[in-house]
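Here's the structure, in structure tokens; my notes come after.
The values are calculated or read from the model by the stated rules, or taken from the named source; none is laboratory data. Just so we're clear, the structure is a prediction, and the values are computed from it rather than from any experiment. Backbone-built Cβ (ideal geometry, glycine too); neighbour counts: all protein chains shown. Keep in mind that these areas ignore ligands, DNA and RNA; they rest on the heavy atoms of the full protein, side chains included. Shrake-Rupley method; radii C 1.70, N 1.55, O 1.52, S 1.80 Å.
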Amino acid sequence: MRDVIVLLIIFSTIPFIFRSPFIGVLTWCWVSYMVPHKLAWGFARDFPVALIIAAAFLVSFFITKEKRSIPLSSVVVGLILFNLWIVVVTLVTPGSPYEAMQFEKVFKIQLFTFLSLALINSEKRINQFVAVIALSISFYGIKGGIFTITSGGGERVWGPPGGFFEGNNELALTLLMALPLMFYLIQITQNKWLKRALYAGIALTAVAAIGTHSRGAMLAACSVLFILWLRSRRKVIALVIALVAVTTVVSFMPQHWHDRMASTFQSKEEDYDTSAQGRINAWRFAYNYAQDNLFGGGFDSFTPANFFIYAPDPYMFQDAHSIYFQVLGNFGFFGLFLFLLLGVLSWLKAGSTVKLAKKHPEIKWAGELSKMLQCSLVAYAVGGAFLGLAYFDLPYHLMILIAAINTVASKQLADKAADSPTKIINETGVQKLRRGQRSSGAPG
């Protein structure tokens, strides 16, 4: 019965998707991040939900006459170049079933990213897009936070099965990337009860991130807290609240959690465990492989055969466990350059929106959201150094949001500037008419 109810709820969105493809964008994000069908226990778990929603969205996108356009900003150009390089490398490298499968998955993600950008063309839609992503992810933050508290922090929190952030480390990074978006939702929310619910959700999501027992997430969390503190208006109060909150949560966690976190900062001799050795070995493999292969090896470069040739320890085979070395091994130094360039361009574009909003209070929302997106990018840049999430949907959705925000905010200012002369002319005309009526003795 639960499976039937879940599928009915999901597929009830299809008629609305046919009316507006943007509903398809929101539904796609909801299904991708919350994966609600995985919460069922029977046939719904393996039902092709994403495929059906995607098909409905594509049909709606091409048959409806809704206005759409892709802004050709620096971020979009960077994203296009990175994707073109992925296609080139895939074409020139020897194919394999795994590479074909990975290329298909990444192609779908990037295709829907661009199609989504074409429809995110207003402040309202930007806020809706942010809300769906943030609330879908925070579902697992709230759920995980409650679990951490009830279990005394002794058990690890895991993500939804079958998704990009199923693992505890991946979930922690995803939660930290969503936290700044939730802070933005508080700023645009008027209802006091909804604000309180969002604050509670943020608190539980932060607890869940700690409850994942992820060492990489701890570093990412420190970077996010620092950036949020820099962005806050009342730095002293924010610092006190942050210290009290962190101290309370950390003191609540059991001793084995403290031992695991402390091992992050121990020396090489003290904590040179198999996991650390394996990651360093994989990173050195990616560097050696990229030096010898201009195009990298494609999505299937991390293989035992390649490790035997390029890895310092050919028998210690594992994935990259780093977005940077993952891209380096897959697409070479030029691919890594484009990947880093995309991140830099996104940061700069968000920064330009922040500066623009400081001069024009009427687009304050754009500046505040851009600040929060920068925080999310910092979390991804730091936490991603230890995780293989180079092709995860979320960072690319954040990047197109940055591009869309800048475009929409600039359009709002342009529209206001276009209306202002007309308003001045109209007001001046009325004043002249009244002066003429007074001078002629006509009734005003």
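A few notes on this one:
- When the stretch 36-49 is limited to residues that are in contact with a His (Cβ under 9 Å, 6 or more places away or on another chain) and not aromatic (Phe, Trp, Tyr), the one that is most open to solvent (accessible area, probe 1.4 Å) turns out to be Asp46.
- Per-region count, the stretch 314-324, residues more than 18 Å from the chain's Cα centre (by Cα), open to solvent by 10 Å² or more (accessible area, probe 1.4 Å) and either aliphatic (A, V, I, L, M) or at pLDDT 95 or above (or both): 1
- Looking only at the stretch 101-146, and only at residues there that are more than 26 Å from Ser69 (Cβ to Cβ) and charged (D, E, K, R), the one that is surrounded by the most Cβ atoms within 10 Å (Cβ to Cβ): Lys143
- Ala357 vs. criteria in contact with a Lys or Arg (Cβ under 9 Å, 6 or more places away or on another chain), open to solvent by 10 Å² or more (accessible area, probe 1.4 Å) and of a type in the set (A, V, I, L, M): yes
- Listed here are the helices (runs of 4 or more DSSP H) enclosed by the stretch 187-294 that have at least 3 residues being surrounded by 12 or more Cβ atoms within 10 Å (Cβ to Cβ) and either more than 28 Å from the chain's Cα centre (by Cα) or at pLDDT 80 or above (or both): 192-211, 274-292.
- Qualifying residue in the stretch 142-163 (condition: within 30 Å of Lys411 (Cα to Cα) and either β-branched (Val, Ile, Thr) or under 17 Å from the mean Cα position of the chain (by Cα) (or both)): no
- If you go through the stretch 386-404 and keep only what is in contact with a Gly (Cβ under 9 Å, 6 or more places away or on another chain) and at pLDDT 90 or above, you end up with Leu389, Ala390, Phe392, Pro395, Met399.
- Screening Ile149 on (1) open to solvent by less than 10 Å² (accessible area, probe 1.4 Å); (2) over 15 Å from Leu39 (Cβ atoms) shows it passes everything except condition (1).
- Test: residue in the stretch 63-74 that is open to solvent by less than 30 Å² (accessible area, probe 1.4 Å) and under 21 Å from Ile405 (Cβ atoms): yes
- Pairing residues of the stretch 26-43 that are without any contact (Cβ under 8 Å) to a residue 60 or more places away in the chain and over 15 Å from Ser12 (Cβ atoms) with residues that are assigned to a helix (DSSP H, G or I) and open to solvent by 40 Å² or more (accessible area, probe 1.4 Å), at Cβ distances under 7 Å and at least 6 apart in sequence or on separate chains, gives Ala40/Arg2; Trp41/Arg2.
- Residues located in the stretch 132-175, provided they are farther than 20 Å from Ala50 by Cα and part of a loop (DSSP other than H, G, I, E, B): Ser151, Gly152, Gly153, Gly154, Glu155, Arg156, Val157, Trp158, Gly167
- Cβ separations smaller than 6 Å between residues 6+ apart or across chains give the following pairs from the stretch 410-424 residues that are under 22 Å from Leu72 (Cα atoms) to residues that are at pLDDT 85 or above and assigned to a helix (DSSP H, G or I): Gln412/Ile363.
- Sole residue being assigned to a helix (DSSP H, G or I), open to solvent by 20 Å² or more (accessible area, probe 1.4 Å), of a type outside the set (Lys, Arg) and closer than 24 Å to Gly167 by Cβ, chosen from Ala381, Ala417: Ala381
- When Lys364, Lys358, Lys349, Lys371 are checked against the criterion of being basic (Lys, Arg), closer than 24 Å to Asn127 by Cβ and within 14 Å of the chain's Cα centre (by Cα), Lys371 stands alone in meeting it.
- Ala350 at pLDDT 95 or above, open to solvent by less than 30 Å² (accessible area, probe 1.4 Å) and either over 29 Å from Tyr310 (Cβ atoms) or charged (D, E, K, R) (or both): yes
- Matching entry among Leu369, Leu394, Leu387 (being in contact with a His (Cβ under 8 Å, 6 or more places away or on another chain), in contact (Cβ under 8 Å) with a residue 12 or more places away in the chain and crowded, with 20+ Cβ neighbours inside 10 Å): Leu387
- Each residue in the stretch 75-92 was checked for being open to solvent by less than 30 Å² (accessible area, probe 1.4 Å) and over 16 Å from Tyr391 (Cβ atoms), and 2 pass.
- Number of residues in the stretch 3-47 that are closer than 12 Å to Pro160 by Cβ and basic (Lys, Arg) equals 2.
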